[in-house]
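The values are calculated or read from the model by the stated rules, or taken from the named source; none is laboratory data. These figures come from a predicted structure and were not determined experimentally. Here Cβ is always computed from backbone atoms with ideal geometry, including for glycine, and neighbour counts include all displayed protein chains. SASA here: full protein model, heavy atoms, side chains in, ligands and nucleic acids out. Shrake-Rupley method; radii C 1.70, N 1.55, O 1.52, S 1.80 Å.
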Amino acid sequence: MPSAVLRRAVRETVSGLPREFWWLWTSTLVNRLGAFVATYMALYLTLDRGYSASYAGLVASLHGLGGVVSSLGGGVMADRLGRRPTLLVAQSATAGAVALLGFVQDPVAIAAVAFLVGMASNASRPAVQAMMADIVRPEDRVRAFSLNYWAINLGFAFSSVGAGFVAEVSYRAGFLVEAGMTALCAVLVFLKLPESRPQRTVKEAEKVGLGSVVRDGRYMAVVGLSFLVALVFQQGSVGLPVAMGRAGFTPADYGMAIAVNGVLIVVLQIPVTRVIEHRDPRSLLVVSSLLAGYGFGLTAFAGSVGVFALTVCVWTLAEIVNAPTQTGLVVRLSPVHGRGRYQGMYTLSWSAAALIAPLMSGVVIDRFGARWLWGLCAVVGTGAALGYGLLMRRLPEEDASVAPNADAVEGGATNAAAAAAGATNAAAAAAGARNTAAGGAEAAAAGGAEAAAEACA
């Protein structure tokens, strides 16, 4: 009986979404299955190349800076050139840059190529989110964004283990595998995804520019709140490993605690989505901001791996709720012909947080101690919750326009149901994979975070 209930839940979760969405979803999953650079870059530089942790931290920061630079550029390209050309250019450039990163040896060249990898890989995100908004009906968008987020974490869970085994043989092979998987994504986009950008007149094209986004006061306030929440979530990979290390816990201890994050996302993302998809986004973002802030705030009282894992459970639930709801809100506040630029500005908030969070956590931990960092997280989460509560009164109605060829949904949704059912059955394996991968992933995170802390000391 429980298996029948599970199958029905999966069927209801994937039904009604257009075929193009599932090809885009598949592209996301393939891309994350090949992820290597983000997880093992620090280990590659320190263990294989023999560079210092400070240098590894610098390279990680340059990778993040590349993402900051390309966030707005990718959004503009998605609106001007189209979603499909932007994806093709970004994914092709990412494949080439990642492959090159496996061969360069000069430290300056490594840093420069890492910057290019960050810039190319992040340029595709506004286009992906804009295309999903184009092809999915408004009432299904939170569910679609949630499924995409689930694919990201499911792919990462498997890729972390696979990349770990590949790294034991050859780090260069890991870079080439990621390059090949990214190139495969570009092939999928080229063969299966039509352009989804809504038709527009010359006047409409000129109406929305980056200046329009910046002058949109309510939207920029939401971007600012997103940045604050992102700063809090980033502490799971930058502040937490450093704090646990200074408290006497081993890298394996951190790996066990942080693995809970991936396991819960893989297991709970779909059922939680069924609960939240038609609820008030204002309430969801207020609650998720509070859970994130106080989930990290409770870390100040953790004295064992078990308690650290419990705090991870709290802020992971916040992450599960926040990610699709926030992305859906961005679409709701965006004009149809400016979705790329608006998504680019939203992506910028997360890229900037990824760049600043290591520096912030390093300064606070070095000068005041880890308890102050966790207290600051609680304050920031509370401030974000208050901001969402005030800003999100009288939200505009969602634009009901979707790409014309997104109406034929049944064939793709039916086939996707079987694929999603298989993926659900694989969740347990992914959970185990995330646990196994935690040792490598946390070492990479700890290396970059400690380097940032040393630079700020």
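Just one of the numbered conditions (1) buried (at least 20 other Cβ atoms within 10 Å of the Cβ); (2) within 16 Å of the chain's Cα centre (by Cα) is not true of Val98: (2).
For the stretch 384-393, the criterion of a residue being open to solvent by less than 50 Å² (accessible area, probe 1.4 Å), outside any helix (DSSP H, G or I) and either within 28 Å of Leu147 (Cα to Cα) or at pLDDT 70 or above (or both) is satisfied by at least one position.
The conditions of being surrounded by fewer than 18 Cβ atoms within 10 Å (Cβ to Cβ) and closer than 30 Å to Glu139 by Cα are met by Glu12. Within the stretch 219-236, the residues that satisfy the criterion of being in a helix (DSSP H, G or I), open to solvent by less than 30 Å² (accessible area, probe 1.4 Å), out of contact with any Gly (no Cβ under 9 Å at 6 or more places or on another chain) and not small (Gly, Ala, Ser) are Tyr219, Val223, Leu231, Phe233.
Just one of the listed residues (Arg341, Arg367, Arg371) is basic (Lys, Arg) and within 29 Å of Ser70 (Cα to Cα), namely Arg341.
When the stretch 114-139 is filtered for residues that are open to solvent by 10 Å² or more (accessible area, probe 1.4 Å) and closer than 11 Å to Arg339 by Cα, the ones remaining, listed by number, are Val128, Gln129. Of all residues in the stretch 258-286 being in contact (Cβ under 8 Å) with a residue 40 or more places away in the chain, of a type in the set (A, V, I, L, M, F, W, C) and farther than 19 Å from Ser159 by Cα, which is most open to solvent (accessible area, probe 1.4 Å)? So, considering only residues that are in contact (Cβ under 8 Å) with a residue 40 or more places away in the chain, of a type in the set (A, V, I, L, M, F, W, C) and farther than 19 Å from Ser159 by Cα, the one most open to solvent (accessible area, probe 1.4 Å) is Leu268.
Scanning the stretch 15-63 for residues that are of a type in the set (Ser, Thr, Tyr), at pLDDT 80 or above and part of a helix (DSSP H, G or I) yields Thr26, Ser27, Thr28, Tyr44, Thr46, Tyr55, Ser61.
Summed over the stretch 340-363, the residues that are among the β-branched types (Val, Ile, Thr) and open to solvent by less than 20 Å² (accessible area, probe 1.4 Å) give a count of 1. Does any residue of the stretch 165-176 turn out to be in a helix (DSSP H, G or I), closer than 28 Å to Ile270 by Cβ, open to solvent by 10 Å² or more (accessible area, probe 1.4 Å) and in contact with a helix residue (DSSP H, G or I) (Cβ under 7 Å, 6 or more places away or on another chain)? Looking through the stretch 165-176, none of the residues is in a helix (DSSP H, G or I), closer than 28 Å to Ile270 by Cβ, open to solvent by 10 Å² or more (accessible area, probe 1.4 Å) and in contact with a helix residue (DSSP H, G or I) (Cβ under 7 Å, 6 or more places away or on another chain). Against the list (1) modelled with pLDDT of 85 or more; (2) closer than 22 Å to Ala179 by Cα, the condition Val76 fails is (2).
Here Ala408 passes the criteria (1) closer than 21 Å to Arg19 by Cα; (2) modelled with pLDDT of 70 or more; (3) open to solvent by 40 Å² or more (accessible area, probe 1.4 Å) except the one numbered (2). Does any residue of the stretch 108-125 turn out to be free of Cβ contacts under 8 Å to residues at least 24 places away in the same chain and outside any helix (DSSP H, G or I)? So far as the stretch 108-125 goes, no, none of its residues is free of Cβ contacts under 8 Å to residues at least 24 places away in the same chain and outside any helix (DSSP H, G or I).
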